Structure formats: structure tokens, C-alpha cells
Amino acid sequence: QQPVQSPQAVILREGEDAVINCSSSKALYSVHWYRQKHGEAPVFLMILLKGGEQKGHDKISASFNEKKQQSSLYLTASQLSYSGTYFCGTDNYGQNFVFGPGTRLSVLP
Amino acid sequence: GAGVSQSPRYKVAKRGQDVALRCDPISGHVSLFWYQQALGQGPEFLTYFQNEAQLDKSGLPSDRFFAERPEGSVSTLKIQRTQQEDSAVYLCASSLGGTTTGNEQFFGPGTRLTVL
């Protein structure tokens with residue numbers, strides 16, 4: 001079953017922050033985050049494994065609450081290069097892999 | 001090193017034709033995935049291989065779709081009697097580990113299939 005992402009789209013000014021949420025009705029073992037720019041393949045951002053961990057690099061971080069079956073991606077002090085569509089992907093205990101519908105992020109100068 | 005490659009990059013087929021899409025994963029990667037991505041949508045899972053074994057094909061939309069990875073490296077996705085609704089970008093991804101859990105997927109550039 002496909003995870004739900006919110007918001008569907010967000011427009012930011014350079015330097016502003018954003019949060020993208022991902023939730024699932026099924027138990028999760030891990031959550032993946034990818035970014036896809038128009039006409040390009042998805043590019044890996046990070047993976048969070050069960051255990052409620054939080055990860056981050058540069059100004060992008062994420063959290064995973066396995067009890068709530070939710071993950072959030074935090075983009076801080078957004079840059080123009082952050083523009084794209086962000087997908088969460090959920091792994092159902094090693095069986096197949098399902099992406100969310102995506103959140104379109106536009107960062108304006 | 002080389003990433004995931006896919007060929008052809010673009011394919012135009014007449015309705016009813018058969019097509020074959022090729023994926024060359026990163027050398028040594030155990031897992032291989034195929035996804036279908038319609039315009040403005042997220043990638044939709046089609047099938048998953050661990051080496052040469054097809055562990056999950058639950059996402060294949062009909063029996064017109066067939067995938068194989070006979071030697072555990074290169075994979076081919078075949079679509080028979082193509083229909084207009086098959087028009088999409090077909091993405092291939094590979095990952096080092098033998099499970100979907102905790103393993104980053106590396107995506108190829110995709111094959112854009114247009115069925116007229």
C-alpha cells in the first residue's frame with residue numbers, strides 16, 4: 001500500500017525551511033528518501049531504519065517514528081538546488097518497495 | 001565507476017508491438033528493481049530480483065509484462081502487445097544488498113516508452 005505524503009507541493013524562498021511528511025498504514029522496517037529533478041532519475045538522500053533514529057547531512061535531515069509509522073524530512077535554509085520532487089519509499093520487511101506520490105518543492109530566489 | 005545504464009533511452013512503439021527494455025546494473029549489485037513512472041507520479045514498483053531469482057513480481061500490471069535476469073546481472077523487461085496505457089518511463093534500480101531493507105537504490109536514467 002502506497003505511503004501518504006504531505007504536502008503535495010510547497011513553494012519556498014531561498015533560505016526558508018520546509019518539512020515533508022510521509023506516513024504508512026503498514027508496519028515499516030525502513031524509510032528511504034529520494035529527490036528527483038525534472039527529466040532525471042531519482043537520487044538517494046538517506047535511509048532510516050526502525051528504532052526511531054534521526055539522520056542528517058548538510059542542511060537536510062529526517063526522522064522516523066516507527067510506532068506512528070511516520071517519517072519527516074526537514075530541509076533547512078533551502079537552496080535553489082533543493083528544488084525537485086521528493087519521494088519517500090517504504091520497505092515492507094524486505095518484500096518489494098513502495099514509493100509515495102511525491103512532494104513537489106520549488107525554491108525561488 | 002559506471003552507474004546503472006538502461007537502453008534504449010527512448011522507444012516509440014505502435015500499439016500491439018512487443019518491446020524489450022534492458023538494464024545493466026552496477027557490477028556486483030545483488031538486488032535489481034523495475035519501476036514504472038507515469039508523468040507527474042511517483043515510481044511504481046513492478047518487480048524485484050535478488051541475483052537471478054525473481055522474488056516479487058506483484059507489481060507487474062498484466063501478463064503482458066515479463067522480466068528476467070538469467071545470470072544475475074543484466075535484466076530485461078519485456079512488454080508484449082503494447083497498449084497506450086503502457087506509455088511511461090521505465091526505471092531500473094540496483095542495490096548492493098540482497099534485501100530491500102536498508103539498502104540505497106541506484107537508479108538508471110530510465111527508458112521513455114511511447115505507445116502510439
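The values are calculated or read from the model by the stated rules, or taken from the named source; none is laboratory data. Just so we're clear, the structure is a prediction, and the values are computed from it rather than from any experiment. All Cβ positions, glycine included, derive from the backbone under ideal geometry; neighbour counts span all protein chains shown. Note: areas computed on protein heavy atoms with side chains; ligands, DNA, RNA excluded. Shrake-Rupley method; radii C 1.70, N 1.55, O 1.52, S 1.80 Å.
Computed on the Cα trace of the protein assembly as shown, the radius of gyration divided by the Kirkwood hydrodynamic radius gives Rg/Rh = 0.97.
Could you state the number of Å between the C-alpha centres of segment B:67-116 and segment B:13-53? When both Cα centres are located, 1 Å separates them. The largest-to-smallest principal axis extents of the Cα set in chain B are 38, 27, 26 Å. Counting heavy atoms of the protein chains alone, residue B:92 has an accessible area of about 0 Å² for a 1.4 Å probe. In the assembled protein chains, residue A:57 presents an accessible area of approximately 90 Å² (probe radius 1.4 Å). Here is the P(r) of segment A:4-108: all C-alpha pair distances, binned every 10 Å from 0, give 16, 51, 28, 5 in whole percents. Here the simple spin-label model places points 7 Å from the Cα toward Cβ, and for residue A:11 and residue A:37 these points are separated by 2.1 nm.
Distance between the 7 Å Cα→Cβ label points at residue A:68 and residue A:106: 2.9 nm. Solvent-accessible area assigned to carbon and sulfur over the protein assembly as shown amounts to 48 percent, based on a 1.4 Å probe.
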